[in-house]
Amino acid sequence: MSGVQQAVFQNQRSFGPALDAQFNYVTMLLHGDGTNGAQNNTFLDSSTNAFSITRNGNATQGSFGPYGSNWSNFFDGTTDYLTAPAASIVDFGTGDFTVEAWFNSASTVTTQKIIDNYNGNNNPNATLLLNLDADGKVSWYAGQTSVIASSSTFSVGVWNYVLVSRVSGTTKMFLNGTQVGSVSDTRTYAAGYTTVGIGAEPYSSGGACLNGYISNLRVVKGSGVTSSTIPTTPSTAITNTVLLTCQSNRFIDNSSNAYTISIFGNTSVQRFNPFGASTAYSTSVIGGSGHFDGDGDYLSLASNSAFQFGTGDFTVEGWFYQTADNTYPTALELGPHVSGNAIVFLTRYGSNAAIYSNGFYGGTAAALNQWNHIAWVRSSGSLKIYVNGVSPAGVAFTNNLTDTSTGIGIGDSVSLISASYDYSGYMSNMRVVKGTAVYTANFTPPTTPLTAISGTSLLANFTNGAIFDNAMMNDLETVGNAQISTSVKKYGTGSMAFDGTGDYLKPNMATPNLYAFGSGDFTIEFWGYILQTTPEQMFIDWRPAGTQTTQPLIYVTSAGVLAYYVSAANRITGATLSTSTWYHIAVSRSGTSTKMFLNGTQTGSTYTDTTVYTNVAGRPVISFDGNTTNSGYLNGYIDDLRITKGYARYTANFTAPTAALPDIGPI
């Protein structure tokens, strides 16, 4: 157990037997509980109309929603970073200050930045940066001068908490709650560059990019601390806070300054965070989302007068996490968009959110890779488009919207079915209200799932997923007949059933990094139940099609032998499995030692493992050979599958779980 993990363990709040002390490292948790035969491809209208919704393409739904308070930002180590516009954030003068953040870095190979105001010159007071060094230490710099370098190193692939603070001329650094440096520091800190960079150097347009996550970055100007404890909840805007970011479902500054956060590269908002989950996933608290892959995925409804607004008021709204851009990414289409009597609602059109009804109207564009609340509202002939609760002045829009002849489309234009209109990413809480302008002035976006208020024509909550991720990281696609079985199960009310003829689960996550272990520790575990051994039976496979390098596979050979496979070979060969029997199977790496366990007992030899594990979109697949088309489908069941990124749960023989795995575990 690393220093931060030990400190985390000692600071646990007690939730009884349902607590997972390492839940902040869980990136997938599948219980497989639900209704017998249920999948993720039946979409419901939760309005009183209960309209029939038809699925097209591979549209799916799951638990990655916009609600909840624990978040981070992911930086890919190449071009990703953020900036805040006011360099005065770090213009501390001779006063006290505090800079703190959680970070989770994948490596120590190169220098990486947490926060940076460096301007390329050698003025010893004019710049500020919090640096992750290539030797694994954390450093605080002024100009090109290292003020403090930590006396200990940070842990790769785990959450680390760092705090630097000056009080009365003494600057101290704390790493994971322990003081790791102190120095007399009476310099006059002045702003160096025009912006403050987060995750990279802003002056060099993204030099020394972080490869990993930042959460709860806070800068306090005028106040310092002399000791540090590891926070157990997200940071708040305490007195003198000048910047508070990397902690929300979108890129915002939660300080009173409310600075605009600019986004570069593919920096993304993630549910993965240092605080885990304080409440178990529920549709009433977290909601759900639909996932559209941008390649022919959409939902459709038949034409109905409930969507014919005439010249009256209306509100169309929802949460959108868009991962790629098309020319006309469509949230909702009501009839043939080329008609002035029909309308299509676009999440982005160039630099705007927009509608099309024989013309465009734009609001502020919704940024990619974050949750954005968008509301298109007509009130007394004036149209406004609110993005995250803010809209420019309204414009006249009096079109008589009566033409829904081609039907209703969510995620694409049903009148065209065009790649240009495909929506890519997640949607949540798509609500259509006829006759009411729900919002008439700027507002705070909803913090709880929407309900069917008076006049609601449609409410697509996307909460009818049967096999969903209790870690709330992704939406899974149930391919073929992958479904819930309530008759064969280990714990809970059901398991995930696969018939061996084309069934599998495919994840759709906001970043593949959630399942890329890098050089860090990890644990993959589940209860498995096979009905045959020939052909080979795949449990879970990270390998992309046609490639076998640094991605793992757990499977049963045609001889019935449990095996762990990576880099094109079986690295651990375990015991022979019997059919129609539940087994707890776990693979866990600690340092460079990877072990496989069967019912809590090590099976096979220890693998000396220096692999830097990678991952690609759509992996790992469950119950399928990810490397070869139409191969290795599991005929059997899986229950309580859990992936833990950054923590080795099992390093020696243990007692296999005697109940369903926990759903919560804040630190």
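The values are calculated or read from the model by the stated rules, or taken from the named source; none is laboratory data. Just so it is clear, the structure is predicted and the values come from calculations on it, not from any experiment. Neighbour counts are summed over all protein chains in view; Cβ atoms, including those assigned to glycine, are modelled from backbone coordinates with ideal geometry.
If you scan the stretch 413-433, which residues turn out to be part of a strand (DSSP E or B) and polar (S, T, N, Q)?
The answer is SER424, SER428, ASN429.
Among the strands (runs of 3 or more DSSP E) contained in the stretch 546-663, which hold 1 or more residues that are within 23 Å of PRO507 (Cα to Cα)?
Passing ranges, in order: 553-556, 561-566, 583-590, 635-645.
Name the pairs: first residue in the stretch 352-378 and under 25 Å from ASN73 (Cα atoms), second residue of a type in the set (Asp, Glu) and outside any strand (DSSP E or B), Cβ to Cβ under 7 Å, at least 6 apart or on different chains?
LEU368/ASP325
Would you mind finding the one in PHE654, PHE624 that is in the same structural domain as ASN481 (by TED's automatic domain parsing) and either of a type in the set (A, V, I, L, M) or touching a residue at least 40 places away in the same chain (Cβ under 8 Å) (or both)?
From the options PHE654, PHE624, the qualifying one is PHE624.
Can you tell which of ILE214, ILE238 is surrounded by fewer than 21 Cβ atoms within 10 Å (Cβ to Cβ) and either among the aliphatic types (A, V, I, L, M) or not assigned by TED's automatic domain parsing to the domain that holds GLY136 (or both)?
On inspection, the qualifying residue turns out to be ILE238.
Can you tell me how many residues within the stretch 167-176 are part of a loop (DSSP other than H, G, I, E, B) and surrounded by 19 or more Cβ atoms within 10 Å (Cβ to Cβ)?
So the answer is 1.
Output the residue which, of all residues in the stretch 316-345 that are polar (S, T, N, Q) and surrounded by 23 or more Cβ atoms within 10 Å (Cβ to Cβ), is nearest to the chain's Cα centre (by Cα).
In this case the residue turns out to be GLN322.
For TYR361, work out the one condition from (1) at pLDDT below 95; (2) surrounded by fewer than 23 Cβ atoms within 10 Å (Cβ to Cβ); (3) assigned to a loop (DSSP other than H, G, I, E, B) it doesn't fulfil.
Just one mismatch for TYR361, condition (3).
Rundown of residues vs (1) under 19 Å from GLY157 (Cα atoms); (2) assigned to a helix (DSSP H, G or I); (3) under 24 Å from the mean Cα position of the chain (by Cα); (4) in contact (Cβ under 8 Å) with a residue 12 or more places away in the chain, yes/no style:
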position	(1), (2), (3), (4)
GLY32	no, no, yes, yes
THR35	no, no, no, yes
ALA38	no, no, no, yes
PHE43	no, no, yes, yes
SER52	no, no, no, yes
GLN61	no, no, yes, yes
PRO66	no, no, yes, yes
PHE74	yes, no, yes, yes
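Taking the residues in the stretch 490-507 that are in contact with a Ser or Thr (Cβ under 7 Å, 6 or more places away or on another chain) and among the small types (Gly, Ala, Ser) as candidates, determine which candidate is farthest from MET538 (Cα to Cα).
GLY494
Out of (1) β-branched (Val, Ile, Thr); (2) surrounded by fewer than 21 Cβ atoms within 10 Å (Cβ to Cβ); (3) over 22 Å from ASN266 (Cα atoms); (4) in contact with a strand residue (DSSP E or B) (Cβ under 8 Å, 6 or more places away or on another chain), what's the single condition that is false for THR195?
(3)
Could you list, in sequence order, all residues of the stretch 434-472 that are aromatic (Phe, Trp, Tyr) and either part of a strand (DSSP E or B) or under 28 Å from PRO392 (Cα atoms) (or both)?
TYR439, PHE443
Can you spot a residue in the stretch 331-346 that is more than 17 Å from ASP412 (Cα to Cα) and either outside any loop (DSSP other than H, G, I, E, B) or out of contact with any Ser or Thr (no Cβ under 7 Å at 6 or more places or on another chain) (or both)?
no
All but one of (1) in contact with a strand residue (DSSP E or B) (Cβ under 6 Å, 6 or more places away or on another chain); (2) at negative phi; (3) crowded, with 23+ Cβ neighbours inside 10 Å hold for ALA452; state the number of the condition that does not hold.
Looking at each condition in turn, ALA452 falls short on (3).
Do we have any residue at all in the stretch 387-404 that's part of a strand (DSSP E or B), within 29 Å of the chain's Cα centre (by Cα) and under 25 Å from SER305 (Cα atoms)?
No, because not a single residue in the stretch 387-404 is part of a strand (DSSP E or B), within 29 Å of the chain's Cα centre (by Cα) and under 25 Å from SER305 (Cα atoms).
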